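All remarks here apply to the structure that follows.
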Amino acid sequence: MSNHFSADNLKFPGDDRRLDLTDVFVFQAPASPEHHLLHRHHPGTTVLIMDSNPTSAPPPIPAPVTGPEFYPGAVYRINIDTDGDNHADVAFTFTFSEYENGTQTGTAWYATGAQARQPEPAGEMLTDSLPVSFDGTARPVQVGGSGRIRLCAGLRSDPFFADVEGALHGFVWTGHDDFAGNNVDSIVLEVPADMLGDGPIGVWASISRRSNGVLEQMDRGGNPTINPFINPDGEKNLFNSRQPADDVANYLGPWSEILQNAGGYPPEQARAAALQVLPDILHYDHTQPATYPNGRVLTDDVYSTRFAWLTNGKVPPSGLKPHDDLLAQFPYLGPPNP
């Protein structure tokens, strides 16, 4: 799993797969005539992708019973730290309507400064009529001043690939991709880089829902394949509820110990390895090629990367290839599978 099934006991947060944040991707948009025209005054454009609501359910995960929609009323958020203090300086926040007659619409906000750190939607409303696509037809909208931001939301093919069966049987890889042919709900943005500060950024996403009138964070993540892999049951839900700014204080000690035991790292090397993913924020420098851990592209084999990290290089790559339905242009994820 990447961040799939991130609650305790390999369950969905809140026992609802629509609240399960699966993946975060950050990379530079490819150059194209259409893209150059759209962002002709802002040549650097960053792609931000947040996926959730997976249809995949490899054993022993029970098959999902909810629909393809975003969780109505939940708060989906992409957070961007521009100054390295592990707090959001920019935030894109989304909520979605009820799912009725096969349709759903979203509302999107863009916030900066103190407003970006508010748990509730805040800042500039970009649109209150974002169409959610369930049939594979991308319906992008241009929002923000002069339409500088391109945005779409809907059901897409899940780009994550992993040999779960092999991992469950002593890392004897089977060559089978347990996530092929599955779907996720995806939020995709193209944002001029100057809206995200003038240097490296840190990105993480979160999903929150209201319980008894209180907004409760159900899932969060930046780096791929972290919480379901390293936190024991009894800690996963707590991790999901916390903020990255507290990660080093909360997890440097226990994760270093896990890495010593699982990978045979010496103590100082275990600490350094833990700090590669603490706090749980995906770092990205747009002046360098994007591939994890500098951002993340859809073809990165993060499943193999994470097991190599956990075992200090003892587990070889799985040998799986990225999915062949990826797109070279917006919205980048392939159309949904039947």
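Readers should treat all values here as calculations from the given coordinates under stated rules, not as data from a laboratory. These numbers were taken from a predicted model, which means no experiment stands behind them. Cβ sites come from the backbone with ideal geometry, for glycine too, and all protein chains shown count toward neighbours.
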Once the other residues with Cβ under 13 Å from the Cβ of residue 279 are scored (Lys, Arg +1; Asp, Glu -1), what is the net sum? -3
Nearest-20 debye value, the chain charge dipole, Cβ charges on Lys, Arg, Asp, Glu: 160
Which of these, 193, 114, 290, has the largest mean-square fluctuation under a Gaussian network model of the chain (Cα springs below 10 Å)? 114
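What do you get for Rg/Rh of segment 274-325 when both radii come from the Cα atoms and Rh is the Kirkwood radius? Don't skip to the end; give the middle numbers.
Details: Rg = 12.3 Å, Rh = 12.3 Å.
Taking Rh as the inverse mean 1/r over Cα pairs, Rg/Rh reads 1.00.
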Can you pull a Stokes-Einstein diffusion coefficient for segment 56-132 at 10 °C (1.306 mPa s), Rh from Kirkwood over Cα pairs, as a whole number of µm²/s? 113
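Kindly rank 125-131, 86-92 from highest to lowest mean number of other beta carbons found within 10 Å of each residue.
Ranked by mean Cβ neighbours within 10 Å, highest first: 86-92, 125-131.
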Residue span residue 233 to residue 275: 0.36 nm per residue of separation minus Cα-Cα distance leaves a gain in nm of 13.0 nm
Between residue 311 and residue 118, take the C-beta separation as r, use R0 = 35 Å, and let me know the FRET efficiency to the nearest 0.05. 0.30
Would you mind checking segment 206-234 for residues with the amide N under 17 Å from a putative spin-label position 7 Å along Cα→C-beta of residue 176? none
Cα pair count fraction exceeding 24 Å, expressed as % - segment 8-310: 52
Return the single residue from 187, 207, 258 with maximal mean-square fluctuation; model: Gaussian network over the chain, springs between Cα atoms under 10 Å. 258
I'd like the orientation of helix 247-263 relative to the chain: the angle between its Cα long axis and the longest Cα principal axis, in ° from 0 to 90, rounded to 10. 40
Suppose R0 equals 22 Å. What FRET efficiency, 1/(1 + (r/R0)^6) with r the Cβ-Cβ distance, do residue 100 and residue 125 give to the nearest 0.05? 0.50
